[in-house]
Each structure stands twice: as structure tokens, then as C-alpha cells.
Amino acid sequence: MSTPFELPTEMTIYSAVEVRDALLSWVTEQTAKAAKTLEISAEKVSEIDGAGLQLMAALSNTDQQWRLVKPSAAFVDACATLGLSAWLEKSLANT
């Protein structure tokens, strides 16, 4: 397992580019270390909008295997609001 990437407290359109850049850099670093399944922690997320969820969903379209760990209540609620509960369950179980 990899060292989990900690998503920031704010996952909104205002921080999407910064989070994307940090996440892609981390993915590149972890894959260079031959990490198979990456872990992304959403434990600290307190504010998330469609742009934040779109960023996470886009990661699902890559060849890199990853799984979400410790999603916050705000993260879970945002997924439910946008009809992404099944995607969330899959992301939590993805190994």
C-alpha cells in the first residue's frame, strides 16, 4: 500500500487546479515506487462541490488503481446529492 494522499478540507472549483496538480504529482511519485493500489483519504474534506467530485471521478478513468479511505460526512453527502453513492461504494471497495 502507498502512503495515503490527504485531500484538503476544501475541494471546490476554487481549489480544483491546485488539488489536481498535487494529486497528479503524488500519483506519479507513487507509481514510480511501484505502488499497486493507491489510497486517497477524504477524511478532512469539509467542503466539496461538483468540481471536487469531478476531479475524483476523473481519476477513475485512469489505469491507476486506487481506493478511497475514510470519506468525511461532507464527502458522502455530496456523493449522495449528485447520485454518486454507487461510485462511492465502488471507490471504497476498489482494491
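The values are calculated or read from the model by the stated rules, or taken from the named source; none is laboratory data. Owing to the predicted nature of the structure, the values given are computational and were not obtained by experimental measurement. Quick reminder, even Gly has a Cβ in these numbers, built from the backbone with ideal geometry, and neighbours come from all protein chains shown. Remember, those area values only see protein heavy atoms, side chains included, never the ligands or the DNA or RNA. Shrake-Rupley method; radii C 1.70, N 1.55, O 1.52, S 1.80 Å.
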**OP:** Would you please name the residue that is farthest from the chain's Cα centre (by Cα), looking only at residues in the range 31-51 that are closer than 15 Å to Gln65 by Cβ and at pLDDT 85 or above?
**Re:** Leu38
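Is it the case that Asp49 is farther than 22 Å from Ala32 by Cβ, surrounded by 14 or more Cβ atoms within 10 Å (Cβ to Cβ) and not small (Gly, Ala, Ser)?
Working: farther than 22 Å from Ala32 by Cβ: yes; surrounded by 14 or more Cβ atoms within 10 Å (Cβ to Cβ): yes; not small (Gly, Ala, Ser): yes.
Judged against the criteria, Asp49 is a match.
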Subject >> Count of the range 29-40 residues which are open to solvent by less than 90 Å² (accessible area, probe 1.4 Å) and within 17 Å of Asn61 (Cα to Cα) >> reply: 5
Original post:
Being on the phi < 0 side of the Ramachandran plot, among the acidic types (Asp, Glu) and without any contact (Cβ under 8 Å) to a residue 24 or more places away in the chain, is that true of even one residue in the range 83-95?
Top reply: yes
**OP:** Just give me the residues in the range 53-81 being assigned to a loop (DSSP other than H, G, I, E, B) and either in contact with a helix residue (DSSP H, G or I) (Cβ under 6 Å, 6 or more places away or on another chain) or polar (S, T, N, Q) (or both), in sequence order.
**Re:** Ser60, Asn61, Thr62, Gln64, Ser72
Subject >> Only one of Val19, Val27 that is more than 20 Å from Ala86 (Cβ to Cβ), at pLDDT below 90 and aliphatic (A, V, I, L, M) >> reply: Val27
Subject >> Subset of the range 5-16 (residues that are open to solvent by 50 Å² or more (accessible area, probe 1.4 Å) and under 14 Å from the mean Cα position of the chain (by Cα)) >> reply: Glu6, Thr9, Glu10
